[in-house]
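Below is one structure, written out as structure tokens; comments come after it.
The values are calculated or read from the model by the stated rules, or taken from the named source; none is laboratory data. Worth saying up front: this structure is predicted, and the values here are computed from it rather than measured. Quick reminder, even Gly has a Cβ in these numbers, built from the backbone with ideal geometry, and neighbours come from all protein chains shown. To get the accessible areas, we keep the full protein, side chains included, count just its heavy atoms, and leave off ligands, DNA and RNA. Shrake-Rupley method; radii C 1.70, N 1.55, O 1.52, S 1.80 Å.
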Amino acid sequence: MRAGEQFLQDARDLLAAARAARNRARRIAAGEGVLKVGVMLSSDITAPLHAFSAREARVRIELVRLRWRNQSTDLVDGTADVGFVRLPVDAGRLRVLPLYQEGLCVVLSVRHPLAGEDTVGLRALADEPLLRHAGASPAWSAVWNTGPRPDGTPSLRGPDVHDMEEILAYVRAGCGVVMVPESVAAVFPRPDIACVPLTDVPPGTVALAWDGERVSPLVDTFVDATRPTVSDVTRPRPGSAPAP
């Protein structure tokens, strides 16, 4: 008797799970569900998210933090369905939609001789130890760990860093300098560091990226909703006049 009662309960549980799965499938087919959106620090996601939500009001957006060491892998393994990344990405299967550009700056101690300058060129940093992005791909390192020495000899290697907090700690201690997007530097205003715009490096690019080999109607909709928000100008620096 007990075996029969257990069988009946198990059957009910299975039927309930089947109904739940069927309902989830119906909600997804009807445009409901969850879209996991990866975000790099300080990337401007407001317009794309609003544009997508206007089309898919029943889809819940779940934000996933991306970092330089995992922005490509998290999109390939499904941790994020689509992501706002900083170029370059190094996964051949990823598709990329460039969104906007922004200037770069060097972050250094306020006690550094260059801290009071309005702008600085890479040559002025030739003898400074450069902080290194730990775990970064070769493509990322080639851009963000740029060697500034004019003769092409390797720059001084500074400590490896894993996040912005470590960057700030090393910079405050005078252990090195680092190149970051100006919007990232603006997130961490501190009286003991200086962020000086760089004059002779290309601007950084923020892009939307997604796995081109994975079929997802929601991702397709998100990409389509994002396209009208693309800007072909470099974002103005904080406090500066907007670009015409």
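Of the residues that make up the range 24-40, is at least one modelled with pLDDT of 90 or more and assigned to a loop (DSSP other than H, G, I, E, B)? Checked against the condition, which is being modelled with pLDDT of 90 or more and assigned to a loop (DSSP other than H, G, I, E, B), the range 24-40 yields at least one hit. Annotation note: Cβ proximity below 7 Å between a residue of the range 88-100 that is closer than 18 Å to G78 by Cβ and a residue that is among the polar types (S, T, N, Q) and not in a strand (DSSP E or B) (sequence gap 6+ or interchain) occurs for V89/Q71; V89/S72; D90/S72; D90/S137; A91/S72; L94/S72. Can you find a residue that is touching a Lys or Arg at 6+ places or on another chain (Cβ under 8 Å) and either at pLDDT below 85 or farther than 23 Å from A47 by Cβ (or both) anywhere in the range 220-228? No; the residues of the range 220-228 include none that is touching a Lys or Arg at 6+ places or on another chain (Cβ under 8 Å) and either at pLDDT below 85 or farther than 23 Å from A47 by Cβ (or both).
Yes/no per residue for (1) of a type outside the set (F, W, Y); (2) in contact with a strand residue (DSSP E or B) (Cβ under 8 Å, 6 or more places away or on another chain); (3) surrounded by fewer than 18 Cβ atoms within 10 Å (Cβ to Cβ):
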residue: G92; (1), (2), (3): yes, no, yes
residue: C105; (1), (2), (3): yes, yes, no
residue: A142; (1), (2), (3): yes, no, yes
residue: R157; (1), (2), (3): yes, yes, yes
residue: I167; (1), (2), (3): yes, yes, no
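Scanning the range 53-87 for residues that are open to solvent by 80 Å² or more (accessible area, probe 1.4 Å) and in contact (Cβ under 8 Å) with a residue 40 or more places away in the chain turns up A54, R55, R69. Can L125 be described as at pLDDT below 90, closer than 20 Å to I193 by Cβ and open to solvent by 20 Å² or more (accessible area, probe 1.4 Å)? When the stated conditions are applied, L125 does not pass them. Contact map, the range 25-44: residues that are within 11 Å of I61 (Cβ to Cβ) and open to solvent by 20 Å² or more (accessible area, probe 1.4 Å) paired with residues that are small (G, A, S) and modelled with pLDDT of 95 or more, Cβ distance under 7 Å, separation 6+ or inter-chain. Pairs shown: K36/A80. May I ask you to verify whether T199 is touching a Gly at 6+ places or on another chain (Cβ under 6 Å) and either at pLDDT below 95 or of a type in the set (F, W, Y) (or both)? Yes; evaluated as a whole, the condition is true for this residue.
When the strands (runs of 3 or more DSSP E) confined to the range 74-118 are screened for residues that are under 21 Å from S141 (Cβ atoms), of a type in the set (F, W, Y) and touching a Leu at 6+ places or on another chain (Cβ under 8 Å), those reaching at least 1 such residues are found at 82-86.
Taking the range 169-178 on its own, how many of its residues are in a helix (DSSP H, G or I) and either open to solvent by less than 60 Å² (accessible area, probe 1.4 Å) or in contact with a His (Cβ under 6 Å, 6 or more places away or on another chain) (or both)? Before the answer, list the steps.
Let us first name the residues in the range 169-178 that are in a helix (DSSP H, G or I), namely 169-172.
Imposing the further condition that a residue be either open to solvent by less than 60 Å² (accessible area, probe 1.4 Å) or in contact with a His (Cβ under 6 Å, 6 or more places away or on another chain) (or both) reduces the set to 169, 171.
The number of residues fulfilling the criteria is 2.
You will find that of A136, A207, A185, the residue that is part of a strand (DSSP E or B) and either in contact with a Ser or Thr (Cβ under 9 Å, 6 or more places away or on another chain) or touching a residue at least 12 places away in the same chain (Cβ under 8 Å) (or both) is A207 and no other.
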